[in-house]
1. Checking the structure you have, find out if any residue of the stretch 43-55 is within 12 Å of the ligand (Cβ to nearest atom), over 19 Å from residue 147 (Cβ atoms) and in contact with a helix residue (DSSP H, G or I) (Cβ under 8 Å, 6 or more places away or on another chain).
2. Within the stretch 121-131, identify whether any single residue is over 14 Å from the mean Cα position of the chain (by Cα), touching a residue at least 40 places away in the same chain (Cβ under 8 Å) and not in a loop (DSSP other than H, G, I, E, B), and answer yes or no.
3. Taking the options 132, 137, 100, name whichever one is near the ligand (Cβ under 10 Å from one of its atoms) and touching a Lys or Arg at 6+ places or on another chain (Cβ under 6 Å).
4. Give the residues of the stretch 132-150 that are hydroxyl-bearing (Ser, Thr, Tyr) and outside any helix (DSSP H, G or I), sorted by residue number.
5. Considering each of 94, 109 in turn, give the residue that is touching a residue at least 24 places away in the same chain (Cβ under 8 Å), in a helix (DSSP H, G or I) and either near the ligand (Cβ under 8 Å from one of its atoms) or within 16 Å of residue 145 (Cβ to Cβ) (or both).
Amino acid sequence: MKLTGALATGALAIVSGVVLSGCITMAAGQRHEIPVAPAEYLDMVNPVDYEKVDEDFLKKTGRLYKRKCRKCHGEQGDGKGPNAGFFVIKPAAFSAPGYLAQRKDGQLFWIMMNGSEGTEMAPVGPDSDVGLSEEKLWQLIAYMRRVFTR
Ligand code: HEC
């Protein structure tokens, strides 16, 4: 009788251990963080002159953003584009308070050039299927910073 009790307790411990580690694995999946760019990218300076970002620039670059990025990142940059609901790892929400202030242009550029492995963020630079020039990438960054910073 005692032995059965001990066995039952042991089995229960194993089962709860498995359940628990399953939960931890799931939580780890949700804690995914966007990889940080190498130092040489973080040091890059956006060639776009922010002083010259005017209505015309925002209109033109906004059209490109809407064509290529909106479906995931959302028109308002809140990460809630029409496709976002399908993804386990959600698109970055550029308009979250402090989000862009904490990130350098070179970080954004690096992710746009290389994508983020294991997520829906594919490379969008010159060598990718999307094929945007480096100039366009920098323009998009200036657009996002100007329009989405909170
Ligand atoms: C198919 C969906 C999808 C599209 C289209 C898409 N993205 Fe993303 N993007 C993501 C996801 C998902 C992440 C989050 C990656 C992660 O968490 O590692 C992301 C992350 C990013 C980041 C990383 C931000 C940071 O903090 O480092 C940048 C920058 C970015 N996207 C820019 C763009 C731009 C610009 C476009 C349009 C040219 C675009 N994305 C199009 C899904 C998408």
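The values are calculated or read from the model by the stated rules, or taken from the named source; none is laboratory data. If you're wondering where the values come from, they're calculated on a predicted model, not measured in any experiment. Methodologically, a virtual Cβ is constructed for each residue, glycine included, from the backbone with ideal geometry; neighbour enumeration extends over all protein chains shown.
1. Filtering the stretch 43-55 for residues within 12 Å of the ligand (Cβ to nearest atom) gives none.
Checked the stretch 43-55: no residue is within 12 Å of the ligand (Cβ to nearest atom), over 19 Å from residue 147 (Cβ atoms) and in contact with a helix residue (DSSP H, G or I) (Cβ under 8 Å, 6 or more places away or on another chain).
2. From the stretch 121-131, those over 14 Å from the mean Cα position of the chain (by Cα) are 125-131; that's our starting set.
If we keep only those that are touching a residue at least 40 places away in the same chain (Cβ under 8 Å) too, we end up with 130.
Filter once more, keeping what is not in a loop (DSSP other than H, G, I, E, B): none.
No - not one qualifying residue is present in the stretch 121-131.
3. Values: 132 fails: touching a Lys or Arg at 6+ places or on another chain (Cβ under 6 Å); 137 fails: touching a Lys or Arg at 6+ places or on another chain (Cβ under 6 Å).
Exactly one of 132, 137, 100 is near the ligand (Cβ under 10 Å from one of its atoms) and touching a Lys or Arg at 6+ places or on another chain (Cβ under 6 Å), namely 100.
4. First, pick out the residues of the stretch 132-150 that are hydroxyl-bearing (Ser, Thr, Tyr): 133, 143, 149.
Within the stretch 132-150, 133, 149 qualify.
5. Details: 94 fails: in a helix (DSSP H, G or I).
Just a single option satisfies the conditions, and that option is 109.
Yes/no per residue for (1) exposed (fewer than 15 other Cβ atoms within 10 Å of the Cβ); (2) under 23 Å from residue 150 (Cα atoms); (3) polar (S, T, N, Q); (4) at pLDDT below 60:
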{"site": "1", "(1), (2), (3), (4)": "yes, no, no, yes"}
{"site": "7", "(1), (2), (3), (4)": "yes, no, no, yes"}
{"site": "14", "(1), (2), (3), (4)": "yes, no, no, yes"}
{"site": "20", "(1), (2), (3), (4)": "yes, no, no, yes"}
{"site": "25", "(1), (2), (3), (4)": "yes, no, yes, yes"}
{"site": "39", "(1), (2), (3), (4)": "yes, no, no, no"}
{"site": "60", "(1), (2), (3), (4)": "yes, yes, no, no"}
